[in-house]
Amino acid sequence: MNGFTIFIGIVIFIFFIGIRIVRPTHRGLIERLGRYNRFASPGFNWVIPIIEKIYLVNITEQMVDAEPQEIITNDNLNARVDAQVYFKVMPDEEHVKNSQYNVNVYTYQIVNLARTTLRNIIGTLTLKSANSERGKINSELHKTLLEETQNWGITIVRTELKEIDPPKDVQETMNKVVKAENEKISAVDYATARETAADGEKRAEIKNAEGIKQGRILQAQGEAEAIRLVNEAAQKYFVGNAQVLRKLEAVEAALKNNSKVVVPVNAELVNVIGELAGILPLKEKREK
């Protein structure tokens, strides 16, 4: 009885020590005596203690840094280059097996492959073109890594070029050039703005002068019209009346001094004096 209990206890112990729980973020490869035996999916798995062993593989997206390195560009400048590579192991059995049996430590291999690929790409470019064509460098790096790792059981999600830094003296020179170009653009923009403002002011002055000119023309036309009307009125009313008034003044002066003045009977002055005295001219009186 004691022996059976011991046996049951040993079996239970072996069962519990052989339990393996695989998380959803991992997949497992179970080897028996050093040879691949079966695939371990997420959840409960059991291995024979000592005889079998499980190797867990992370299938989530991971990132490795290609580490900064000095690369000589096509224009013989040393550029400090760094990049990051994002990848993941495919979750099916075949790809998980390839990630363990076709490549030794794929993270290390990816780093070295990325560094070599960057040297090949950037070595054909000038420093200026390398900085302006980061997207192209990323695309070529991503394409090369995909082709070279297709048997590793992984997929390259994306690559990102972190930095392309020139030597310090070259960087200072580039900064001065950029500053000078910015100042030039600013000066051109300012000159253009001033030219536009001056042109606007010129047009405004021309419009103002045209307005003053038109106003003076209208004013002169009005004054000419007023003079014309005054002349017509004077010609119509003033000239004749002025002559009569002059005659009256002469008569008045003569009568005042008791002088004798001989005037023709048919003269207009007689009619005027008669009208002033309230009598009719002699000619009209005879007719009546």
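The values are calculated or read from the model by the stated rules, or taken from the named source; none is laboratory data. Please read all numbers here as calculations on a predicted model, not as lab measurements. Cβ: placed from backbone, ideal geometry, glycine included. Neighbour counts: every protein chain shown.
Go through region 76-109 and give me each residue that's β-branched (Val, Ile, Thr) and either closer than 16 Å to Asp165 by Cβ or touching an Asp or Glu at 6+ places or on another chain (Cβ under 9 Å) (or both).
The answer is Val81, Val85.
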Against the conditions (1) in contact with a Pro (Cβ under 7 Å, 6 or more places away or on another chain); (2) closer than 21 Å to Met90 by Cα; (3) without any contact (Cβ under 8 Å) to a residue 60 or more places away in the chain, where does Ile17 fall short? Just the number, please. (2)
Which condition number in (1) closer than 23 Å to Ile71 by Cα; (2) surrounded by fewer than 17 Cβ atoms within 10 Å (Cβ to Cβ); (3) touching a Phe, Trp or Tyr at 6+ places or on another chain (Cβ under 7 Å) is the one that Glu148 fails? (3)
Could you please let me know if Val64 is touching a residue at least 12 places away in the same chain (Cβ under 8 Å), over 54 Å from the mean Cα position of the chain (by Cα) and surrounded by 15 or more Cβ atoms within 10 Å (Cβ to Cβ)? no
Take region 112-124 and flag every residue that is under 13 Å from Thr159 (Cβ atoms) and among the basic types (Lys, Arg). Arg115
Counted residues, region 53-111 - those being under 17 Å from Arg158 (Cβ atoms) and among the basic types (Lys, Arg): 1
Looking only at residues in region 1-56 that are surrounded by 15 or more Cβ atoms within 10 Å (Cβ to Cβ) and polar (S, T, N, Q), which one is nearest to Val96 (Cα to Cα)? Asn37
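Rundown of residues vs (1) modelled with pLDDT of 90 or more; (2) exposed (fewer than 14 other Cβ atoms within 10 Å of the Cβ), yes/no style:
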| residue | (1), (2) |
| --- | --- |
| Ile71 | no, no |
| Asp75 | no, yes |
| Phe87 | yes, no |
| Met90 | yes, no |
| Glu93 | yes, no |
| Asn104 | yes, yes |
| Ala114 | yes, no |
| Thr117 | yes, no |
| Ala130 | no, no |
